[in-house]
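The values are calculated or read from the model by the stated rules, or taken from the named source; none is laboratory data. Computed from a prediction, not measured in an experiment: that's the story for all the values here. A quick note on method: Cβ atoms are made from the backbone with ideal geometry, for glycine too, and the neighbour counts reach across all protein chains shown. For the accessible areas, the whole protein counts, side chains as well, though only heavy atoms, and no ligand, DNA or RNA atoms are used. Shrake-Rupley method; radii C 1.70, N 1.55, O 1.52, S 1.80 Å.
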Amino acid sequence: MQEGTVITLGRHIVEQERLYPEATGAFSNILYDIALAAKIISREVNRAGLVDIIGSAGKFNIHGDDVRKLDEFANDVMFNALDHTGNLCVMASEEVDDPIPIPDEFPCGNYVLLHDPLDGSSNIDANVSLGTIFSIHRKISRGERGSLEDLLQPGHRQLAAGYIVYGSSTMLVYTTGAGVHGFTLEPSIGEFLLSHPNMRIPDPGKKIYSVNEAYYKRWSPGQQKAVDVLKDEGYSLRYIGSLVADFHRTLLYGGIFMYPADKKSPKGKLRLLYEAAPLAMVIEEAGGASSEGTRSILQVGPSELHQRTPLYLGSKSVVDKVEATLKA
Ligand code: P6P
């Protein structure tokens with residue numbers, strides 16, 4: 001790329017679309033719409049301390065988490081950006097118990113969106129980086145309107161996946177299976193500009209492990225041993241407690257992120273369809289690995305919309321080593 005060339009997200013999406021002769025543009029439009037939603041969410045996240053948007057909405061979502069106003073706002077922004085476009089047949093959100101149908105007044109399309117509109121939101125007041133995570137599938141059900149069947153697809157069938165991290169800058173990272181590409185928002189012009197083309201996770205990368213070690217006593221002996229071995233090898237602990245922030249650092253620096261199952265959460269805490277699977281697609285496309293303890297996250301066949309999974313993401317050599325210890 002010539003020095004000084006500015007590649008906007010829009011130009012990148014068009015160039016990616018050219019890789020698929022059969023592309024109709026609908027898929028590209030979904031990515032545009034997600035980027036628009038991200039800009040709106042970013043503006044509010046960055047103003048959160050300035051407007052009376054902080055504080056509990058006084059409601060609780062399906063998981064019992066205290067729904068903060070920004071959670072609701074982000075969820076509404078994602079819905080309103082995508083419900084009328086005619087590109088989607090059904091949506092799902094961490095904040096909504098059931099599948100989200102496309103309103104009857106709008107046409108349905110051939111794609112499916114699952115998302116976590118604002119992950120890590122319990123950290124909002126502490127100004128910790130937050131994130132939006134998204135996963136796009138093709139419609140597989142036979143009816144005109146989408147259904148739960150379209151949402152319950154394994155990660156290896158994802159057409160695209162990515163996240164937005166609202167941190168010291170706002171970055172959008174996505175993959176369609178043709179590399180992982182990072183864009184940084186230039187707020188003064190409202191454009192996401194290509195800043196990290198063809199991202200590859202270092203392997204083994206920096207000696208960093210990321211897990212909430214407060215739960216050590218609840219872990220399986222294999223999990224305890226895996227962390228003990230990493231510490232003996234000189235690994236340092238870095239844990240922000242905001243999935244997208246911990247993931248983004250792992251993608252850039254290498255090492256491993258873990259949210260294991262434990263005695264209190266036998267299936268882990270994080271969600272398969274709109275947290276683990278999209279991040280697994282990104283990390284594997286970047287040359288890394290994902291696991292639920294025995295196999296790639298992308299091979300897990302979902303049975304419930306909000307099902308949880310143990311989650312390991314990172315440099316392949318490190319994930320493989322941890323997996324071997326867990327299986328021993
Ligand atoms: P714990 C934030 O609440 C979240 O959903 C993820 O963003 C994060 O990785 C995880 O929970 C942190 O959970 O149990 O370590 O506080």
- Message: Looking at 144, 186, can you tell me which residue is assigned by TED's automatic domain parsing to the domain that holds residue 94, over 26 Å from residue 246 (Cβ atoms) and surrounded by fewer than 19 Cβ atoms within 10 Å (Cβ to Cβ)?
- Response: 144
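Please determine, by comparing only the residues of region 27-42 that are of a type outside the set (S, T, N, Q), open to solvent by 20 Å² or more (accessible area, probe 1.4 Å) and touching a residue at least 40 places away in the same chain (Cβ under 8 Å), which one is farthest from residue 116 (Cα to Cα).
At the first step, the residues of region 27-42 found to be of a type outside the set (S, T, N, Q) are 27, 30-41.
Subsequent filtering for residues that are open to solvent by 20 Å² or more (accessible area, probe 1.4 Å) retains 27, 32-33, 36, 39-40.
Filter once more, keeping what is touching a residue at least 40 places away in the same chain (Cβ under 8 Å): 27, 33, 36, 39-40.
Values: 27: 19, 33: 15, 36: 16, 39: 16, 40: 15 Å.
For region 27-42, the residue satisfying everything is 27.
Name the single residue, out of those in region 210-228 being in contact with a Leu (Cβ under 8 Å, 6 or more places away or on another chain) and open to solvent by 10 Å² or more (accessible area, probe 1.4 Å), that is farthest from the ligand (Cβ to nearest atom).
Once the filter is applied, the top-ranked residue is 222.
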- Message: For the list (1) polar (S, T, N, Q); (2) within 16 Å of the ligand (Cβ to nearest atom); (3) modelled with pLDDT under 95, I need the number of the one condition that residue 132 fails.
- Response: (3)
- In region 293-328, the residues that are more than 15 Å from residue 276 (Cα to Cα), of a type in the set (Gly, Ala, Ser) and at pLDDT 95 or above: 315, 317, 324
- Please specify each residue of region 83-129 satisfying the condition of being small (Gly, Ala, Ser) and either over 18 Å from residue 38 (Cα atoms) or within 16 Å of the ligand (Cβ to nearest atom) (or both). 86, 93, 109, 120, 121, 122, 126, 129
- Query: So, in region 189-202, of the ones that are at negative phi and assigned to a loop (DSSP other than H, G, I, E, B), which residue ends up surrounded by the fewest Cβ atoms within 10 Å (Cβ to Cβ)?
  - Reply: 189
- Item | In region 229-264, the residues that are outside any helix (DSSP H, G or I), touching a Lys or Arg at 6+ places or on another chain (Cβ under 7 Å) and within 14 Å of the ligand (Cβ to nearest atom) | 238, 259, 261, 262, 263, 264
- Message: Name the residue that is nearest to the ligand (Cβ to nearest atom), counting only residues in region 265-316 that are polar (S, T, N, Q) and not in a strand (DSSP E or B).
- Response: 265
